[in-house]
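Note sheet for the following structure.
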Number of protein chains: 2
Amino acid sequence: MAQKVKLSTIAEALGVSTATVSLALRDSPLVADITRERIKATARELGYIYNRRAASLRTSRSGIVGVCVHDVMNPFFGEILKSIEHELDRHHQTFILCNHYDDLSKQRAFVDTLLQLGADGLILSPAIGTPADDIRLAEANNLPAVLIARTIEGSGVCGFRGDDTYGMSLAVDHLIAKGHRSIAMIGGTHQTSTGRDRAEGWRQSLMKAGIEPRPEWRIEGPRSRHAGFNAAKTFAGLDPLPTAAVCFSDLVALGLMYGLAREGLRPGIDVAVIGYDDIDEASIAMPSLTTVANGQAEVGHRAAGALLDRLSGQPASDETVLIRPVLKVRASSEHWEMSQRGQAAG
Amino acid sequence: MAQKVKLSTIAEALGVSTATVSLALRDSPLVADITRERIKATARELGYIYNRRAASLRTSRSGIVGVCVHDVMNPFFGEILKSIEHELDRHHQTFILCNHYDDLSKQRAFVDTLLQLGADGLILSPAIGTPADDIRLAEANNLPAVLIARTIEGSGVCGFRGDDTYGMSLAVDHLIAKGHRSIAMIGGTHQTSTGRDRAEGWRQSLMKAGIEPRPEWRIEGPRSRHAGFNAAKTFAGLDPLPTAAVCFSDLVALGLMYGLAREGLRPGIDVAVIGYDDIDEASIAMPSLTTVANGQAEVGHRAAGALLDRLSGQPASDETVLIRPVLKVRASSEHWEMSQRGQAAG
């Protein structure tokens with residue numbers, strides 16, 4: 001019914017060629033922006049619906065890129081996604097989102113959907129346990145993939161993530177320089193590269209300072225605000241109580257600070273707390289949260305750029321690019337020192 | 001290349017008919033779950049890629065539902081989306097997400113994409129300024145729509161949202177019962193039905209109690225945690241200082257509480273604070289946040305159900321269903337009373 005409006009109707013209405021209309025509706029860069037927008041506005045007025053399904057059987061590009069992460073509600077991914085979205089928008093690619101919640105079958109269902117739709121590419125933060133073969137299967141079926149945040153040994157595709165070992169060592173070195181000798185690490189799991197590398201950075205920094213990390217200092221698991229909140233109970237039960245905690249993420253750290261307060265411990269004063277990611281909330285929290293800025297915007301921007309390069313015909317790379325993180329020092333690790341000094345003076 | 005594996009290859013491998021394989025790959029309910037999964041597993045092993053683009057030109061259903069909201073990172077939408085996702089998953093519908101950030105052209109581009117893909121339906125929390133005609137255009141092009149969280153006068157489609165006027169009146173009535181006579185309302189805008197209705201609930205409850213709301217008590221605008229944080233400055237500058245604040249959302253309330261603490265005011269003790277939405281974080285915040293539970297899960301569940309009903313051929317409804325909210329009383333509105341009692345006793 002909607003297809004009764006023909007390209008030629010739009011072309012006649014605007015005094016341009018049918019070919020120009022066709023190119024404009026496919027977002028071809030051959031048509032000037034202003035002309036393209038005018039053609040699209042007229043097409044909309046006339047009720048024309050461009051049939052991408054039919055068109056994508058004729059051309060090799062669908063204009064769709066799928067993005068699949070653990071949970072789009074996690075602000076860490078949110079900031080990466082905003083940056084990807086911005087980059088794809090500029091290139092008129094439609095951006096389709098999906099959560100896998102670390103469920104491999106959900107991730108596979110989404111990849112199947114992308115293959116079935118003839119999507120142009122996939123940006124993926126792989127679910128725990130993703131075999132390299134899953135990525136190769138997508139690639140073999142003409143669905144180029146780029147990895148973000150987590151990488152997979154032997155996947156053969158490029159990836160972008162922060163240098164997690166280095167980033168966590170910045171946090172621990174900072175605490176050691178402030179005089180801390182007992183530093184717990186809360187959250188994350190050895191099942192992801194992120195979790196392994198951040199724990200490794202914590203361990204290495206302690207060892208370098210001649211501190212043997214006690215097994216009970218490593219409270220593995222928490223990755224959400226709620227889990228960080230619950231971990232405060234475990235932390236508060238440690239004897240002796242560590243003077244500081246580095247956390248797998250800002251969400252875990254913010255939850256831990258809520259939980260410490262419930263346990264009667266003043267976060268930032270009785271226990272120094274450091275997060276990871278520098279999400280928007282970190283700077284306004286009470287106390288404001290010292291954290292490792294992880295370059296999410298850069299990860300998203302470069303991952304989208306790498307995929308667009310592939311789509312424009314550039315050769316594939318299998319390099320994992322590590323973005324260098326930066327420590328942001330705020331109240332949650334600064335007031336502890338003052339309170340200790342106060343005790344020493346008194 | 002991937003299409004070289006034929007339906008008949010899979011059928012032979014499993015000893016079933018080609019028709020059964022075809023139905024199973026299209027998620028037809030005519031094939032038993034266990035058979036469908038076995039067929040899909042075999043198809044995957046053999047490297048068969050079901051071509052949904054070609055198939056959707058032959059059948060009337062693409063299996064895709066688009067969901068478009070202001071911002072998927074907002075935990076209020078997150079909880080609705082999880083519930084929609086769960087319902088669509090059960091019906092083998094692929095769930096495609098998009099943010100419109102209250103940008104009408106972004107919303108329109110997504111609706112165009114859905115039309116072009118031949119999507120089965122749209123669940124939309126409409127961007128500010130969405131004309132009813134946009135919804136009618138989608139419907140006229142065989143894209144049934146269901147609205148969530150916000151509704152549009154005259155759109156002619158059904159919608160699901162909380163009863164915002166009633167919900168906010170619960171919060172204000174509770175504060176009035178605790179003895180508050182000066183209650184600010186922070187955040188939200190008159191450009192959305194949600195913002196209008198919540199402000200109306202606040203105004204009505206005050207009027208009913210014989211309290212004339214002062215213009216400066218209405219701090220309009222904030223809808224994010226950061227904006228709530230910034231609004232604390234404006235609030236703290238009011239003279240006389242209101243004894244309580246009801247907020248447009250939990251995010252605004254949580255940001256306001258951070259901000260009040262920066263201004264030297266103890267949230268929950270010096271100023272009672274109530275949020276709206278009962279997001280996961282509300283119960284663990286410091287202080288734990290009194291809030292209006294808004295039935296997000298029910299909104300999502302019923303919206304997805306209504307769309308699935310439409311897809312199965314049931315007639316369209318243009319009803320807006322208001323879900324009845326419930327007040328969750330926590331520390332942020334309980335300790336204020338105690339502190340006042342303390343003063344009265346002293």
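The set of residues from segment A:193-228 being away from chain B (no Cβ under 14 Å), among the aliphatic types (A, V, I, L, M) and closer than 29 Å to A:Asp71 by Cβ comprises A:Ala199, A:Ile219. Of the residues making up segment B:252-267, those that are in contact (Cβ under 8 Å) with a residue 12 or more places away in the chain, closer than 23 Å to A:Gly228 by Cα and out of contact with any Phe, Trp or Tyr (no Cβ under 6 Å at 6 or more places or on another chain) are B:Val252, B:Ala253, B:Leu254, B:Leu256, B:Met257, B:Pro267. Quick one: would you say B:Asp102 is assigned to a helix (DSSP H, G or I) and outside the structural domain of B:Ala244 (by TED's automatic domain parsing)? So B:Asp102 does not fit the description; no.
Among the residues of this structure, B:Ser333 does not count as one that is of a type in the set (Gly, Ala, Ser), assigned to a loop (DSSP other than H, G, I, E, B) and either away from chain A (no Cβ under 12 Å) or under 16 Å from B:Lys178 (Cβ atoms) (or both). The residue that is modelled with the lowest pLDDT, counting only those in segment B:81-93 that are surrounded by 23 or more Cβ atoms within 10 Å (Cβ to Cβ) and within 11 Å of chain A (Cβ to nearest Cβ), is B:Gln93.
Given the criteria of a type in the set (A, V, I, L, M), surrounded by fewer than 24 Cβ atoms within 10 Å (Cβ to Cβ), touching a helix residue (DSSP H, G or I) at 6+ places or on another chain (Cβ under 9 Å) and assigned by TED's automatic domain parsing to the domain that holds A:Leu88, does A:Ala316 qualify? Spelling it out, A:Ala316 is indeed of a type in the set (A, V, I, L, M), surrounded by fewer than 24 Cβ atoms within 10 Å (Cβ to Cβ), touching a helix residue (DSSP H, G or I) at 6+ places or on another chain (Cβ under 9 Å) and assigned by TED's automatic domain parsing to the domain that holds A:Leu88.
What do you reckon, is A:Ala140 over 19 Å from the mean Cα position of the chain (by Cα) and buried (at least 18 other Cβ atoms within 10 Å of the Cβ)? When the stated conditions are applied, A:Ala140 does not pass them.
Could you say which residue among B:Gly188, B:Gly195 is surrounded by 24 or more Cβ atoms within 10 Å (Cβ to Cβ), out of contact with any strand residue (DSSP E or B) (no Cβ under 6 Å at 6 or more places or on another chain) and either assigned by TED's automatic domain parsing to the domain that holds B:Thr234 or more than 17 Å from B:Val321 (Cα to Cα) (or both)?
B:Gly188
If you go through segment A:110-129 and keep only what is out of contact with any Gly (no Cβ under 8 Å at 6 or more places or on another chain), within 14 Å of chain B (Cβ to nearest Cβ) and either outside any loop (DSSP other than H, G, I, E, B) or of a type in the set (Ser, Thr, Tyr) (or both), you end up with A:Asp112, A:Leu115, A:Gln116, A:Leu117. Within segment B:130-186, the residues that satisfy the criterion of being assigned to a helix (DSSP H, G or I), farther than 30 Å from B:Leu311 by Cα and not small (Gly, Ala, Ser) are B:Thr165, B:Tyr166, B:Met168, B:Leu170, B:Val172, B:Asp173, B:His174, B:Leu175, B:Ile176. Might you let me know whether segment B:221-243 holds any residue that is in contact (Cβ under 8 Å) with a residue 60 or more places away in the chain and of a type outside the set (Gly, Ala, Ser)? Yes. A single entry from A:Leu117, A:Leu14, A:Leu25 fulfils the requirement of being modelled with pLDDT of 85 or more and either under 26 Å from A:Gly188 (Cα atoms) or not assigned by TED's automatic domain parsing to the domain that holds A:Gly275 (or both): A:Leu14. Here the condition is being within 26 Å of the chain's Cα centre (by Cα) and surrounded by fewer than 24 Cβ atoms within 10 Å (Cβ to Cβ); of B:Ile269, B:Ile284, B:Ile274, it holds for B:Ile284 alone.
Checking each residue in segment B:303-314 for being assigned to a helix (DSSP H, G or I) and either in contact with an Asp or Glu (Cβ under 6 Å, 6 or more places away or on another chain) or without any contact (Cβ under 8 Å) to a residue 24 or more places away in the chain (or both) picks out B:Ala304, B:Asp309, B:Leu311. Taking the conditions (1) at pLDDT 95 or above; (2) within 25 Å of the chain's Cα centre (by Cα); (3) surrounded by fewer than 24 Cβ atoms within 10 Å (Cβ to Cβ); (4) of a type outside the set (Gly, Ala, Ser) in turn, B:Leu254 satisfies each one other than (3).
On the given criteria, is B:Gly129 assigned by TED's automatic domain parsing to the domain that holds B:Ala316, surrounded by fewer than 24 Cβ atoms within 10 Å (Cβ to Cβ), under 29 Å from B:Gly201 (Cβ atoms) and in contact (Cβ under 8 Å) with a residue 24 or more places away in the chain? Give the derivation first.
On the way: assigned by TED's automatic domain parsing to the domain that holds B:Ala316: yes; surrounded by fewer than 24 Cβ atoms within 10 Å (Cβ to Cβ): yes; under 29 Å from B:Gly201 (Cβ atoms): yes; in contact (Cβ under 8 Å) with a residue 24 or more places away in the chain: yes.
Spelling it out, B:Gly129 is indeed assigned by TED's automatic domain parsing to the domain that holds B:Ala316, surrounded by fewer than 24 Cβ atoms within 10 Å (Cβ to Cβ), under 29 Å from B:Gly201 (Cβ atoms) and in contact (Cβ under 8 Å) with a residue 24 or more places away in the chain.
Does B:Ile96 satisfy the condition of being within 11 Å of another protein chain (Cβ to nearest Cβ) and not in a helix (DSSP H, G or I)? First the steps, then the outcome.
Numbers: within 11 Å of another protein chain (Cβ to nearest Cβ): yes; not in a helix (DSSP H, G or I): yes.
Yes: the conditions hold for B:Ile96.
Residues that are more than 14 Å from the chain's Cα centre (by Cα), more than 10 Å from chain A (Cβ to nearest Cβ), without any contact (Cβ under 8 Å) to a residue 40 or more places away in the chain and in a helix (DSSP H, G or I) occur at least once in segment B:56-75.
Looking at the structure I just gave you, is A:Asp163 charged (D, E, K, R) and either within 14 Å of chain B (Cβ to nearest Cβ) or within 14 Å of A:Glu298 (Cβ to Cβ) (or both)? Yes, satisfied. Does any residue of segment A:100-107 turn out to be surrounded by fewer than 24 Cβ atoms within 10 Å (Cβ to Cβ), of a type in the set (Ser, Thr, Tyr) and under 20 Å from the mean Cα position of the chain (by Cα)? Yes. Does segment A:205-217 contain at least one residue that is out of contact with any helix residue (DSSP H, G or I) (no Cβ under 9 Å at 6 or more places or on another chain), in a loop (DSSP other than H, G, I, E, B) and on the phi > 0 side of the Ramachandran plot? Yes, some residue in segment A:205-217 is out of contact with any helix residue (DSSP H, G or I) (no Cβ under 9 Å at 6 or more places or on another chain), in a loop (DSSP other than H, G, I, E, B) and on the phi > 0 side of the Ramachandran plot. For segment B:218-235, what are the residues that are in contact with a strand residue (DSSP E or B) (Cβ under 7 Å, 6 or more places away or on another chain) and assigned to a helix (DSSP H, G or I)? Answer for segment B:218-235, where residues must be in contact with a strand residue (DSSP E or B) (Cβ under 7 Å, 6 or more places away or on another chain) and assigned to a helix (DSSP H, G or I): B:Gly228, B:Ala231, B:Thr234, B:Phe235.
The values are calculated or read from the model by the stated rules, or taken from the named source; none is laboratory data. In this text, all values refer to a predicted model and were calculated from it rather than measured experimentally. Cβ coordinates were reconstructed from backbone atoms using ideal geometry, including for glycine residues, and neighbour counts include every protein chain displayed.
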